[in-house]
Every structure is written in C-alpha cells, then in structure tokens.
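All of the numbers you see were taken from the coordinates with simple rules; none came from a lab. Note that the structure is a prediction, hence the values are computed from the model and not measured. Please note: Cβ atoms are built from the backbone with ideal geometry, for glycine as well, and neighbour counts cover all protein chains shown.
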Amino acid sequence: MRSYKVLTVCLGNICRSPAAQGILEAAAKQNDVFLELDSAGTAAYHIGNPPDSRSIAALRQIGIDISHQKARQVTKEDFNEFDWILAMDRENLSNLKKIQPQNSKASLVMFGEFNDQAAFGEVADPYYGGNEGFVEMRKHLTKIADAFVHHLHPNKED
Ligand code: 4NP
C-alpha cells in the first residue's frame, strides 16, 4: 500500500498542528493507512518548544501522547518533501501560499475542508482561551482526521 507524507501547519506549532499530527497518527493506525507525519508553524516564536501543556493534556485524555514533539518553522523545502500540507486556518494558508515554490509537489489545502461541518474549513485557535477550547479543538480535529484518512482510502471500513 502506498504511504503519504503529511505536514500539519498552524501559526505557532504548539497548539493545533501538533495535536493534528498526534490525532492523524492515531487515525492512520486505526485504519491501517500508512502516513508519515510532521508538523510546523508559519511563525518562528516557539521554535524548539514542546506543545502547549493544554494541548498535551487534551490529547492525553484520549490516550495520545504528543509531549515529545518540538516546534519548528515551515520551510520552502517542505513543499517538495511532503505530499500534503494541511493548513489549520486561512491566515496559515495565505502565509503558506507566499512561500510555496512553483510546481512543487505538495497539495496545499485547508485541513478543515475534509469535514463538511467545519466553519469555512477553519480550526479555531485555542491559544488565548481556556482548557475547554482545547477539548473542542481535539474533537474538531478528530472528525477532520477521520474524514482525511477516508479521503485517502475511501474503501476502508470504519
Ligand atoms: P497554534 O496557536 O498556532 O495553534 O500553535 C498559537 C500558538 C502561539 C501563538 C498564537 C497561536 N502566539 O501568539 O504565540
């Protein structure tokens, strides 16, 4: 079976995209789909930092450990390294388009567009809110991740 290299991207690479990476890893494993995953931020503020403790806690509640991840900034090279680059919001998408090399390999899309219930395909940024926003983010990302895995392999059973 073919594998896919997938990069999840948000602003800081400490809240949404590390969570999306962990949730996609779990969804892929559950569905016998082979994904090689990484995550990155469009901004450089948090390079080298672990995910936000609230993201780590929200995912630990469902048995997913993302504490080992380290933030990095997205690079031009990522566009030829990955098959998919999945943006969490429109601002991320717009910043990614600015550095996307012409004719590069990756399909650059909004992650939320794989789930038709998403509001304009955006995953809301929970950084300035409380813990409950991180649980909402986790639930939203879980729905999108399942939809994305089924998009790659539509013949797979649940
Ligand atoms: P993320 O959330 O993009 O989901 O990682 C944020 C993290 C940090 C900041 C903003 C959003 N910040 O302004 O430092």
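Quick notes on this one:
- Pairs of Lys residues in the chain, spaced 8 or more positions apart or belonging to different chains, with C-alpha separations under 14 angstrom: 6 in total.
- A dipole drawn for the range 4-152 from +1 and -1 charges on Cβ atoms has a positive end, and of A20, L86, I56 the residue lying farthest that way is I56.
- Remark: the range 4-152 carries a charge dipole of roughly 220 debye about the Cα centre, counting +1 on each Lys and Arg Cβ and -1 on each Asp and Glu Cβ.
- Charge tally for E36 (other residues, Cβ to Cβ under 11 Å; Lys, Arg +1; Asp, Glu -1): -3.
- Ordered by the count of other Cβ atoms within 10 Å of each Cβ, fewest first, D32, D125 give D32, D125.
- Gyration tensor over alpha-carbon atoms, the range 4-152, equivalent ellipsoid semi-axes in Å: 21, 18, 15
- The chain: calculated mean residue ellipticity at 222 nm from DSSP helix runs of at least 4, using -39500 (n - 2.57): -11500 deg cm²/dmol
- Residue among N95, V6, A43 farthest towards the positive dipole end of the range 4-152, charges placed on Cβ: A43
- Shape call, the range 1-43: gyration tensor on alpha carbons, a/c limit 1.5: oblate
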